[in-house]
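Asks: Right, I'll just put the structure down here and ask away after.
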Amino acid sequence: MKQSVNSFLQHLIVERGFSQNTLDAYSNDLNQFRVFVADNLNSEDQEVWRLVDLNLLNAYISELRDNRKYRDTTTARKVAAVRSFFGYLSANGMITEDPTENLGSPRVGRTVPKYISEEDVKSLLATAADTGTPEGRRDASILELLYATGLRVSELVGLNVQDIDFEEGFIRTWGKGSKERIVYLYPDALSNLREYIGGARVELLSDKRGETALYLNQRGERLTRQWVWNILKTAAKAAGVDPKITPHTLRHSFATHLLQNGSIPAPRAGVAGALQHFHDAGLHAPDRFTRPRRIRAKSPTGVTRRRRGCNNLKPRGAEKRAARVRLPSPLQVLYRLVNAAYLLGIPGRKPVAAVQI
């Protein structure tokens, strides 16, 4: 059984290019499921996957929700991992029938992300910098960079000094799926980062001159994600900010404050250029961060129904049709130019047949 799980994880690395964090999540979820199956079918044999049926899968979901008290979001993630795993087994002929085809999954609603106020952000950064030590200046640089760029923690700890272009004012980072992206910094953040590299980082580097990591611990080694969490929690406690804050809270705060201040997404700045999951400037970002909450209302019959809040950002009618208009291809443009030349009486020009693309 374990061999099949390891084979699937290898497939995710080689074929899908998943990050280490995603692989760790898949590994934990599938090994938990493997133990459940082995305990219920009393076997660790490789062929036991063929014996898994819909009833056993539903029993596993009940185990997660009722006995382990997992939230619907966690349960849905684990079910998605199991579904992907059986899809892999089926595609490679390891099982004859995929038992997850008719498997349900908890419905997970989308919630408005949590964020902190701009005053809390300023207090957080000031508190971290007040210590005056190399570690304190490093911590202030980390928190400012998280807020100024909307980087994920995994992206931040993976940064090297050579990933920063001070001349052009951007950071080159690698996000989910090892996709490279460029994130621009505002001048103050860039200046503070330059100061950290020339000062606190040199002190933390000690005798490890070959280390390329941007952010270092006291031993001159690359920081871990857990270390950044501890830095944020310590600074939040000292600043009197919500103790439930996470690095992703700063990411959401960055996006929310841009929207609240009316920043216009542009190639070099703004929400669309900075957050990877904000695409199509101005369409998905406001919908995600400013969507009105759904409310429950009772009809005259007393039946509770769900009523949607209005969303003026959603294109309707003519706007939808306009959005479907395709720009002409280069061949179509050429065809139109040649025919226009003929109609204008330019010598040597004859009309050509329309190009169907």
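The values are calculated or read from the model by the stated rules, or taken from the named source; none is laboratory data. Quick caveat: nothing in here was measured; it's all calculated off a predicted structure. In this analysis, Cβ positions are derived from the backbone assuming ideal geometry, glycine residues included, and neighbour counts consider all displayed protein chains.
Asks: Among the residues that make up the range 178-186, is at least one of them exposed (fewer than 15 other Cβ atoms within 10 Å of the Cβ), at pLDDT below 90 and in a helix (DSSP H, G or I)?
Replies: Yes; the residues of the range 178-186 include at least one that is exposed (fewer than 15 other Cβ atoms within 10 Å of the Cβ), at pLDDT below 90 and in a helix (DSSP H, G or I).
Asks: Please verify whether the range 226-234 includes one or more residues that are at positive phi, modelled with pLDDT under 90 and under 24 Å from the mean Cα position of the chain (by Cα).
Replies: The answer is no, given that none of the residues of the range 226-234 is at positive phi, modelled with pLDDT under 90 and under 24 Å from the mean Cα position of the chain (by Cα).
Asks: Looking at (1) modelled with pLDDT of 85 or more; (2) over 29 Å from G17 (Cα atoms); (3) small (G, A, S), which is the only condition A129 fails?
Replies: Looking at each condition in turn, A129 falls short on (1).
Asks: Another question, then. With R219, R194, R201, R225 as the choices, which residue is touching a Ser or Thr at 6+ places or on another chain (Cβ under 7 Å) and charged (D, E, K, R)?
Replies: R225
Asks: Follow-up. Does the range 6-53 hold any residues that are buried (at least 16 other Cβ atoms within 10 Å of the Cβ), over 21 Å from the mean Cα position of the chain (by Cα) and either outside the structural domain of T74 (by TED's automatic domain parsing) or outside any helix (DSSP H, G or I) (or both), and which are they?
Replies: Within the range 6-53, just V52 meets the criteria.
Asks: Follow-up question, since we're still on this one. Take the residues in the range 54-85 that are under 19 Å from D98 (Cα atoms) and small (G, A, S); name whichever of them is surrounded by the fewest Cβ atoms within 10 Å (Cβ to Cβ).
Replies: Top of the filtered list is A59.
Asks: Quick check: is even one residue across the range 206-216 loosely packed, with under 15 Cβ neighbours inside 10 Å, outside any loop (DSSP other than H, G, I, E, B) and either outside the structural domain of T22 (by TED's automatic domain parsing) or over 19 Å from the mean Cα position of the chain (by Cα) (or both)?
Replies: No: zero hits.
Asks: Given the criteria closer than 30 Å to F254 by Cβ, charged (D, E, K, R), outside the structural domain of P187 (by TED's automatic domain parsing) and not in a helix (DSSP H, G or I), does R107 qualify?
Replies: Yes: the conditions hold for R107.
Asks: Hey, any hits in the range 24-42 for a residue that's among the small types (G, A, S) and within 28 Å of G158 (Cα to Cα)?
Replies: yes
Asks: Hey, another quick one. Taking the condition within 21 Å of the chain's Cα centre (by Cα), assigned to a helix (DSSP H, G or I) and in contact (Cβ under 8 Å) with a residue 40 or more places away in the chain, does K114 pass?
Replies: The answer is no for K114.
Asks: May I pose another question? Kindly list, by first and then second residue, each pair from a residue in the range 121-148 that is within 16 Å of I197 (Cβ to Cβ) and in the same structural domain as H252 (by TED's automatic domain parsing) to a residue that is outside any helix (DSSP H, G or I) and small (G, A, S), limited to pairs with Cβ atoms under 7 Å and residues at least 6 apart or on different chains.
Replies: R137/G199
Asks: Just wondering, is there one or more residues in the range 183-191 that are outside the structural domain of D24 (by TED's automatic domain parsing) and more than 21 Å from L124 (Cβ to Cβ)?
Replies: Yes, the range 183-191 contains a residue that is outside the structural domain of D24 (by TED's automatic domain parsing) and more than 21 Å from L124 (Cβ to Cβ).
Asks: Taking the condition of being part of a helix (DSSP H, G or I) and in contact with a helix residue (DSSP H, G or I) (Cβ under 9 Å, 6 or more places away or on another chain), how many residues in the range 120-164 meet it?
Replies: 31
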